[in-house]
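Engineer: Questions regarding the structure given below will be posed in turn.
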Amino acid sequence: MASKSSLSVVIDIGTSKIVALAGERNELGKLEIRGISKVLSKGIRRGVVYNIEEAANCIEQVLTRLESQLDKEIVKVNVAYAGQHMKTIDYQDSRFTSEEGVVSKFDIDHLYNEAKRVELEQHYEIVQVIPTYYEIDGEVIEQNPVGITGREIIANYKLVIISDEYLANLHRVFDRVGIEMGEITLSSLASAEAVLTEEEKEMGAIVLDIGAGTTNLAIFHDSRLIHAAVIPFGGNVVTKDIKEGCSILLKWAEQLKVQYGHALGDFADDQKVVTIPGHNGWEPKEISFRSLAFIIQARLEEIMDSVNAEIEKSEIVDQLGAGIVITGGTSNLNNFKSLVKFRTGMDARKANLAFNPKGAKEISQDPDNYTAIGLLNLLVNEIAIPERAISKKAKRKENGGLSFIVNKVVQGVLDMVDDDNEDIELN
């Protein structure tokens, strides 16, 4: 940033919206939000930039609006992102201690830098290195091991990787805008920082974010990241199913989903119908709430089957004591929480902020902002910067044990109708 180096800026790039947030750590050591800007996304499909010009225009617009609030020039932003070609892989490395049998910062930094240089499968690059735990002479150390006595250090990491083609497109977008792109954080990890408590991460919890273009999840246990995934389907495919199933325009399908959609067909009122206006000589048509709900349910069950497959990959299903925290615009559908419970067999709750940032109250209460808030909190607490994450860990533990990982996003609110046995006209 220009004149005040403590001010940090982050941007959450989603399929349906782009949110930019600025803030800093105040004198009490808490996040204070200084400004926010939000625009609808263009040029992004399933989390992937496919039109560089349109995406650059959106990012330029959202950052220009934020600059006007801050009265400062923005020169660098950190990014929350969840492209369909992002994934995590495990990596382990070891070395002997360099200082007479005591783990030093040099040892940990050396292992971390080696992880950054790992050779990947062709056409992928590392965008994030997340320490998960260490072993010192065979004993598991989940926190910062600096200062512990021992000879052999084994470091375990999650590497967030992305297709180099899609990473190059992101760089092209920011080059077009004239802004430096800083660290990239997987969106679900930023969201988890916003909506999961430390107790939930310790007990075992899943953040499930069903956005417009992708469904993102991150699984935690013993306060560390176990598994993360990006599923290339979200609320937009539900809208397309409604469009095709009801033979209506896409804009009406989206409005039907948001205003009258239910995630479980059996719970929708079969006596209520919504009227779609006629156009170009076509007659108006009536669609029952229950028919609409069964269209939605079929696609959501398919998405949840993919979620279950990812949960199984974690190999700790029986250890997830806190259940699933759900977020994203699609999660606002009536009875969505019940559907998640039925399909996974796990408890679930809607997301809310796990901490209270200082600033405009409406900003922190809007689920659309959760991912950006989580990333900003990580950044101002020096967790999102990997080189600092390790060296600051012990101090964070003394102050309440912030985890070194990240997580979530929510968008939209739905209006449900209570009118009994009467037709409703779609405007």
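Values quoted throughout were computed directly from the atomic coordinates according to the rules given, and no laboratory measurement underlies them. As the structure is a computational prediction, the values presented were derived from the model and not from experiment. Heads up, the Cβs are rebuilt from the backbone with ideal geometry, glycines too, and the neighbour counts pull from every protein chain shown.
Engineer: For a quick check: sort TRP252, TRP282 by the number of other beta carbons within 10 angstrom, fewest at the front.
Structural biologist: Arranged by neighbour count, lowest to highest, TRP252, TRP282 become TRP282, TRP252.
Engineer: Give me the base-10 log of I(q)/I(0) for region 86-162 at each q in 0.13, 0.22, 0.27 Å⁻¹, Debye formula, one uniform scatterer per Cα, rounded to two decimals.
Structural biologist: The Cα Debye sum returns log10 ratios of -0.38, -0.91, -1.22.
Engineer: Further question: Roughly what angle does helix 250-260 make with the longest principal axis of the chain, taking Cα atoms, 0 to 90 degrees, to the nearest 10?
Structural biologist: 80 degrees
Engineer: What angle do you read, to the nearest 10 degrees and between 0 and 90, between the alpha-carbon axis of helix 289-314 and the longest principal axis of the chain?
Structural biologist: It works out to around 20 degrees.
Engineer: Now for a separate question. Which order do SER331, SER68 fall in if you start with the one that has the fewest other Cβ atoms within 10 Å?
Structural biologist: If I rank by nearby Cβ atoms, fewest first, I get SER68, SER331.
Engineer: A follow-up question, please. Counting other Cβ atoms within 10 Å of each Cβ, which trypsin sites (Lys or Arg not before Pro) in region 64-135 have at most 14 and sit in a DSSP loop?
Structural biologist: ARG117
Engineer: For region 221-270, just run the numbers: alpha carbon Rg, then divide by 2.2 N^0.38 Å, N being how many residues it has.
Structural biologist: For region 221-270, the normalised Cα radius of gyration comes out at 1.64.
Engineer: If I take every Cα pair under 8 Å that is 6 or more residues apart in the chain, average their sequence separation and divide by the length, what percent do I get for the relative contact order?
Structural biologist: Relative contact order here is 19 percent.
Engineer: Neighbouring Cβ atoms within 10 Å as the yardstick, rank LEU186, LEU111, LEU333 fewest first.
Structural biologist: If I rank by nearby Cβ atoms, fewest first, I get LEU111, LEU333, LEU186.
Engineer: About the Cα centre of region 86-162, how large is the charge dipole given +1 on each Lys and Arg Cβ and -1 on each Asp and Glu Cβ? Please answer in debye to the nearest 20.
Structural biologist: 260 debye
Engineer: Given the -39500 (n - 2.57) contribution per DSSP H run of 4+ residues, what per-residue ellipticity at 222 nm results for the chain, rounded to the nearest 500 deg cm²/dmol?
Structural biologist: -10500 deg cm²/dmol
Engineer: Right, another one. Pick from GLU286, GLU73, GLU121: which residue has the top mean-square fluctuation in a GNM of the chain where Cα pairs under 10 Å get a spring?
Structural biologist: Maximum fluctuation in the GNM of the chain, among the listed residues, is at GLU121.
Engineer: Within the set LYS116/LYS158; LYS38/LYS201; LYS243/LYS337; LYS158/LYS337; LYS30/LYS361, which residue pairs have Cα atoms separated by over 20 Å?
Structural biologist: LYS38/LYS201; LYS243/LYS337; LYS158/LYS337
Engineer: Ok, one more. How far, in degrees from 0 to 90, does helix 370-380 lean away from the longest principal axis of the Cα atoms of the chain, to the nearest 10?
Structural biologist: 20 degrees
Engineer: Still on this structure, please answer the following. Using DSSP to call loops (not H, G, I, E or B), can you name the chymotrypsin sites (Phe, Trp or Tyr not before Pro) in region 28-119 whose Cβ has at most 12 other Cβ atoms within 10 angstrom?
Structural biologist: Sites meeting the loop and neighbour criteria: TYR50.
Engineer: Suppose the Debye formula is applied to equal point scatterers at every Cα of region 36-122; what is log10 I(q)/I(0) at q = 0.20, 0.24 Å⁻¹?
Structural biologist: -0.97, -1.18
Engineer: Tell me which residues come under 5 Å, amide H to amide H, from THR215 once H is placed; ignore anything under 5 positions away on its chain.
Structural biologist: Those qualifying (amide H under 5 Å, at least 5 residues apart or on another chain) are ILE231, PHE233.
Engineer: Still on this model: Please state the charge dipole magnitude for region 273-355, taken about the Cα centre, from unit charges on C-beta atoms (+1 on K and R, -1 on D and E), reported in debye and rounded to the nearest 20.
Structural biologist: So the dipole magnitude of region 273-355 works out to roughly 340 debye.
Engineer: At ASN352 and ILE52, where each label point lies 7 Å from the Cα along Cα→Cβ, what is the point-to-point distance in nanometres?
Structural biologist: Between ASN352 and ILE52, the label points sit 4.5 nm apart.
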